[in-house]
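Remarks on the structure that follows.
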Amino acid sequence: MLNRVVITGMGIYSCLGKTLDEVRDSLYTGKSGIIFDPARKEMGFRSALTAKLEIPDLKKQLSRSQRVYMPEQAKYAYCATADALKQAGIDQDYLNTHDVGLLYGNDSSADPVVKAVDTMREKKDTTLCGSGAIFQSMNSTVTMNLGCIFKLKGINLTVSGACASGSHAIGLGALLIQNGLQEMVVCGGAQEVNPFSIGSFDGISAFSVRESEPEKASRPFDRDRDGLVPGGGAATVILESYESAVRRGAPILAEVLGYGFSSNGDHISSPNVDGPTKSLQMAIKRAGIDIREIGYVNAHATSTHVGDTNEAKAIFNVFGEKSVEVTSTKSQTGHEMWMAGASEVIYSMLMMKNGFIAGNINFENPDEASGHLLIPAQTIEKRFDTFLSNSFGFGGTNSTLIIRNM
């Protein structure tokens, strides 16, 4: 018998808000977090569009010796994780006396690397890079910092799976709990927002250039989409076994029913249809539910031509013609990359808990593939108890989660 896996806490630091209530309201009203950043234009960016996010000042929460090891995405992750632990009713005494695990998605730490290299080239003295440079610049920087700050003693591992990182972290955390290897795992995803982290994306013309209308630039599934918009922040969910949650008297928010995954085994940047289809089918099979029980699909759809088209085909392959509402919250947030798989679980949870589906804003004209899907462009009132969330990444990595309300 596999252990049941439940979600008992959530926290988020997003361009839509820094609290769950703020994010819920932004989703409901169709608020966009996308802006035009003049500094990027001055740097030579083809597109100066980005999600708006400020780096938190943690001087009151953390000591200088703790902060020196943290790049911006670790600071976002700290905020999200502190809020998630609080909602779950977990204090430091509990963390000190239990083996709580940590799986967090992160696949870059560009800004510290650039700063260290610039210092070495200019000063010709590596000691001037600072004691925190190495810890800030490693991909595992988020789990390093969170593990030490919160004194976590279970598994401590960074999941580096491109834009599916956050989703894979949750899926893998669920597997560990199901199989009795951990009783509780802090899971999530974080993404830096600085220009250095996404300059190479801009260099391959991956971004929308609809700069005159930033809030209308991210257009998942729309016929006239012209590329994604970069975003970021962090999102954390607390996973634990159902037995643990009941024993603690914790707030049980939802249950993770299914985790599906696959690899396209194909082109490094262009997704296909078969890989995502397999991921969806695996998640549904592992969830052991009738497909008609799924009341909402949060699509990966980033606003690229090939990606959105092939995901629409995969969703159609599995669900058929206009059978369930499908939206991409990236229409509001841009593509939150390593964070997206975790944040989109929280976005979907907030919709499910509050009886609505956020509209796929900027969806004005379907194309041949998206025309087969039921994509509301404005927020609709709908009660649903189960949702499916897709996350796909470069290299053909695919992850699908199915979560049920409790």
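At a glance:
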{"item": "Prolate/oblate/rounded label for the range 288-348 (Cα gyration tensor, a/c 1.5)", "result": "oblate"}
{"item": "Computed E for Val306/Thr97 - FRET, C-beta separation, R0 56 angstrom, nearest 0.05", "result": "0.65"}
{"item": "Calculated FRET value between Asp25 and Met1, using beta carbons and R₀ = 35 Å, to 0.05", "result": "0.30"}
{"item": "Label-point gap, in nm, between Ile289 and Lys151 - each point 7 angstrom along Cα→Cβ", "result": "3.8 nm"}
{"item": "Glu122-Leu374 pseudo-label distance in nm [points 7 Å out on the Cα-to-Cβ vector]", "result": "5.7 nm"}
{"item": "Share, in percent, of DSSP beta bridges within the chain that are antiparallel, nearest 5", "result": "70 percent"}
{"item": "Listed peptides 309-316, 7-14, 254-261 by packing density, highest first (mean Cβ within 10 Å)", "result": "7-14, 309-316, 254-261"}
{"item": "Low-density loop cleavage sites - GluC sites (Glu not before Pro) in the range 1-66, where at most 16 other Cβ are within 10 Å (DSSP)", "result": "Glu54"}
{"item": "Amide H contacts under 5 Å for Val100, placed H, 5+ residues apart", "result": "Lys153, Gly154"}
{"item": "Dipole axis of the chain (+1 Lys, Arg; -1 Asp, Glu on Cβ), positive-most option in Ser208, Ala51, Tyr242", "result": "Tyr242"}
{"item": "Above-threshold pairs, the threshold being 23 Å between Cα atoms, out of Lys86/Lys285; Lys31/Lys115; Lys18/Lys52; Lys86/Lys153; Lys60/Lys124", "result": "Lys86/Lys285; Lys31/Lys115; Lys60/Lys124"}
{"item": "nm² value of the averaged projected area, convex hull over the Cα atoms of the range 1-72", "result": "9.4 nm²"}
{"item": "Unit charges at the beta carbon, dipole of the chain: most positive-side option, Ala254, Pro220, Met352", "result": "Ala254"}
{"item": "Linear extension gain, Ala39 paired with Asn354, 0.36 nm per residue minus alpha-carbon span", "result": "109.6 nm"}
{"item": "Hydrodynamic radius (Kirkwood) for the chain, which is based on Cα pairs only, to one decimal in Å", "result": "20.9 Å"}
{"item": "Burial ranking of peptide ranges 287-293, 153-159, 59-65 (average Cβ count within 10 Å, highest at the top)", "result": "153-159, 287-293, 59-65"}
{"item": "Relative contact order of the chain, defined on C-alpha pairs under 8 angstrom at six or more residues apart (%)", "result": "24 percent"}
{"item": "Where labels lie 7 Å past Cα in the beta-carbon direction, separation of Lys52 and Lys382 in nm", "result": "3.0 nm"}
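Coordinate-derived values only; no laboratory data. Predicted model, so just to flag it, every value in this text is computed and none were measured. Here Cβ is always computed from backbone atoms with ideal geometry, including for glycine, and neighbour counts include all displayed protein chains.
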